[in-house]
Structures are given as C-alpha cells and as structure tokens.
1. Can ARG11 be described as more than 24 Å from SER214 (Cβ to Cβ) and either open to solvent by less than 20 Å² (accessible area, probe 1.4 Å) or out of contact with any strand residue (DSSP E or B) (no Cβ under 6 Å at 6 or more places or on another chain) (or both)?
2. With surrounded by fewer than 21 Cβ atoms within 10 Å (Cβ to Cβ), outside any loop (DSSP other than H, G, I, E, B) and at pLDDT below 95 as the only criterion, which of ALA29, ALA5 stands out?
3. Between GLY78, GLY105, GLY86, which is more than 19 Å from GLN229 (Cα to Cα) and more than 15 Å from the ligand (Cβ to nearest atom)?
4. Within region 58-70, identify whether any single residue is over 16 Å from the mean Cα position of the chain (by Cα), open to solvent by 10 Å² or more (accessible area, probe 1.4 Å) and modelled with pLDDT of 95 or more, and answer yes or no.
5. Go through region 38-51 and give me each residue that's in a strand (DSSP E or B) and either without any contact (Cβ under 8 Å) to a residue 12 or more places away in the chain or surrounded by fewer than 21 Cβ atoms within 10 Å (Cβ to Cβ) (or both).
6. Cβ-Cβ under 7 Å, sequence separation 6+ or interchain: first residue in region 248-263 and more than 9 Å from the ligand (Cβ to nearest atom), partner among the acidic types (Asp, Glu) and modelled with pLDDT of 95 or more. Which pairs?
7. From the list PHE189, PHE170, which one is at pLDDT 95 or above, on the phi < 0 side of the Ramachandran plot, within 11 Å of the ligand (Cβ to nearest atom) and among the aromatic types (Phe, Trp, Tyr)?
8. Somewhere in region 136-159, is a residue more than 23 Å from MET234 (Cβ to Cβ), within 14 Å of the ligand (Cβ to nearest atom) and of a type in the set (Lys, Arg)?
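The values are calculated or read from the model by the stated rules, or taken from the named source; none is laboratory data. This one's a predicted model, so the numbers in the text were calculated from it and none came from an experiment. Using ideal geometry, Cβ is built from the backbone for each residue, glycine included, and neighbour counts are taken over all protein chains shown. Areas reflect the complete protein model, heavy atoms only, side chains present, ligands, DNA and RNA absent. Shrake-Rupley method; radii C 1.70, N 1.55, O 1.52, S 1.80 Å.
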Amino acid sequence: MNLQALIEDIRQQVLPFYDRGQVADYIPALASVSPHQFGFAIHTLDGQEYGCGESDVPFSIQSISKAFMLALTLQADGEALWRHVGKEPSGNPFNSLVQLEYEHGIPRNPFINAGALAVTDRAISHFGDAHLQLLAWLRNEAGNPRLAADEAIAASEREHGDRNAALAHFMKSYGNLDHPVETVLDHYFHNCSISMSCLELARAGLFLANHGASPQTGRQYLTRSQAKQVNAVMLTCGTYDAAGEFAYRVGLPVKSGVGGGLLAVIPGKMSIAVWSPQLDARGNSVLGLEALDRFTTRTGLSIF
Ligand code: DON
C-alpha cells in the first residue's frame with residue numbers, strides 16, 4: 001500500500017470540509033490561528049514516516065497532552081492512580097461540572113478536564129515539576145529538543161480558566177487534590193499549551209502502538225498491560241461525548257485537542273497525527289475526523 005499517495009488523496013477529499021466548523025475561541029490566544037490548515041502524519045513501527053499538507057507546522061496540542069500525561073503518571077503511580085480518577089466515558093462535554101458533584105469529586109476519566117487535573121496532581125507528587133517531566137519526555141521522543149509551551153497560550157488559558165479553576169477547587173474540597181489549586185492549574189495549562197507538529201506528535205505517540213516501548217529510544221515506558229489500558233481509555237473517552245461516533249467511524253484509540261489535533265494509534269502498526277483547527281460542536285477537528293474515517297475505511301486498518 002502506498003501510504004504517501006493515500007494520505008495525499010485523503011487530503012484532497014477533506015479540504016472541501018473547510019468552514020464546517022469553528023476555531024476554538026474560548027481560549028482567546030487559540031482564536032488567532034489561521035483556520036485553513038490541514039496536516040496528516042504517520043509513523044510506522046518499522047521506521048517509515050509519511051506526511052502531507054501542514055504536517056510540519058506546530059500547533060497547540062491542548063488535550064492531546066492528557067494522553068501522554070496519563071502514560072507518564074500511570075507508569076509512576078500504577079493502579080493507585082485509579083483511586084483518584086475513573087475510567088468510564090462521561091457522555092458529557094470535556095469541561096462539565098455536574099458529574100463531579102454526583103461522584104464526590106472523583107472525575108469519570110483522565111481525559112475530561114477534571115480528570116486531567118487529578119492526574120496532573122498525582123504527577124506533581126511523583127515528579128515535582130510535572131510540566132518539565134512531560135516536556136523532557138516529549139522532546140526526547142519527538143526528537144526535538146526545542147519543544148516548548150507557548151507562553152502566550154498558557155497565559156490566555158490562565159486568564160480565562162475560571163471553569164478549570166472551579167473544577168480544581170471542587171475536587172480539592174473533596175480531598176482529591178494534594179497540591180494547591182494554583183500549582184495544579186499552572187502545570188495543566190502549560191501542558192495543554194505545548195506546541196508540536198503532526199510529524200512530532202506521531203513520533204511521540206509511537207510507543208502506544210508498540211505495547212508501551214519506544215521504537216526510537218528503545219525504552220519500555222509502560223508494561224504491555226498498561227499500554228493496552230491507555231489505548232482502551234483513549235478509545236472510550238479520548239474524544240469526550242463523541243467517543244461513540246469516533247469508535248463507529250474511525251475504530252481506533254484517538255485523543256483530541258481543541259487546537260484541532262488528533263492522535264490515533266493502530267496497535268502493532270503505526271501512530272497517526274492529524275490537525276486542522278476548525279472544530280465541531282463537541283470540540284473535535286472536523287477535517288481530522290473526516291480524514292481518519294477515510295483512512296481506516298480505505299485501508300481496513302482499525303481495531304475492529
Ligand atoms: O482546559 C481546556 O479547556 C483546554 N486547555 C483543553 C481542552 C481540550 O483540548 C479539550 N479537547 N478537545
């Protein structure tokens with residue numbers, strides 16, 4: 001199969017979907033991104049790399065950071081992590097408050113904002129500087145020592161972060177955060193604000209396709225079982241209240257972000273990153289979903 005020709009063809013097929021969604025603007029610094037951009041990158045376990053469109057343009061990875069943060073924290077915390085956060089789909093928007101009260105401050109899963117804040121709190125307990133730990137890890141795996149958070153986006157997130165602050169305070173009131181709310185938010189916002197390209201994301205996500213071991217650096221980050229667990233939570237919770245639609249149309253573990261990026265994993269084969277900034281009503285990239293749907297449909301490569 002000629003993967004390069006295939007992704008270029010898929011790019012042509014999805015470009016007409018421009019302007020069916022909107023760039024996220026609830027974080028003002030994200031709203032300034034040029035909307036008509038599309039990148040697609042693949043990294044295979046045998047070391048092949050494919051990219052087309054804006055696959056080398058850095059963008060704000062936003063909630064895709066939550067997949068990497070979960071992996072790092074699960075590695076350090078093991079099963080104890082699941083005392084602080086659940087692993088069930090929420091069926092609610094990513095920044096919803098309501099479920100948290102019914103469930104006594106334990107977020108449904110690590111990918112809604114409340115869950116990511118709980119994971120970040122555990123990461124601070126283990127690593128001290130959770131953001132630097134994630135950044136160092138991503139730099140190593142993506143092969144780019146200059147990866148960094150975009151400070152303008154981090155500041156904008158903090159300035160408009162009342163909802164996340166409310167979630168954090170609420171969890172703290174239930175005793176489900178060990179560290180000060182401001183500290184947890186600061187690490188969380190900086191993680192979300194990291195800029196990466198599709199090519200870098202696909203490289204960094206490859207360990208999830210390889211049973212937890214990085215083909216680039218040879219390091220075993222997760223046990224086989226933990227890699228299965230992270231992929232399972234990505235499938236069921238990685239795209240929030242659209243996880244059913246993604247499973248139906250794409251059939252892969254996927255993690256999305258409001259910067260318009262999507263990281264998808266084909267266990268045993270490859271990692272895929274797609275990016276286009278215009279989002280649907282549930283906060284997922286319109287062109288990204290169209291592209292992943294076409295990719296798995298045309299190749300027959302999905303977990304189903
Ligand atoms: O906290 C927020 O709202 C953003 N930093 C991240 C949200 C996000 O990416 C949800 N993804 N689809």
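1. no
2. Result: ALA29 is the single residue among ALA29, ALA5 that is surrounded by fewer than 21 Cβ atoms within 10 Å (Cβ to Cβ), outside any loop (DSSP other than H, G, I, E, B) and at pLDDT below 95.
3. When all the criteria are applied, what remains is GLY105.
4. Step one: filter region 58-70 for residues over 16 Å from the mean Cα position of the chain (by Cα), giving none.
Scanning region 58-70 turns up no residue that is over 16 Å from the mean Cα position of the chain (by Cα), open to solvent by 10 Å² or more (accessible area, probe 1.4 Å) and modelled with pLDDT of 95 or more.
5. Filtering region 38-51 for residues in a strand (DSSP E or B) gives 39-44, 49-51.
The answer is THR44, GLU49, GLY51.
6. Filtered contacts from region 248-263: ARG249/ASP293; VAL250/ASP293.
7. That would be PHE189, the only listed residue that is at pLDDT 95 or above, on the phi < 0 side of the Ramachandran plot, within 11 Å of the ligand (Cβ to nearest atom) and among the aromatic types (Phe, Trp, Tyr).
8. Yes, region 136-159 contains at least one residue that is more than 23 Å from MET234 (Cβ to Cβ), within 14 Å of the ligand (Cβ to nearest atom) and of a type in the set (Lys, Arg).
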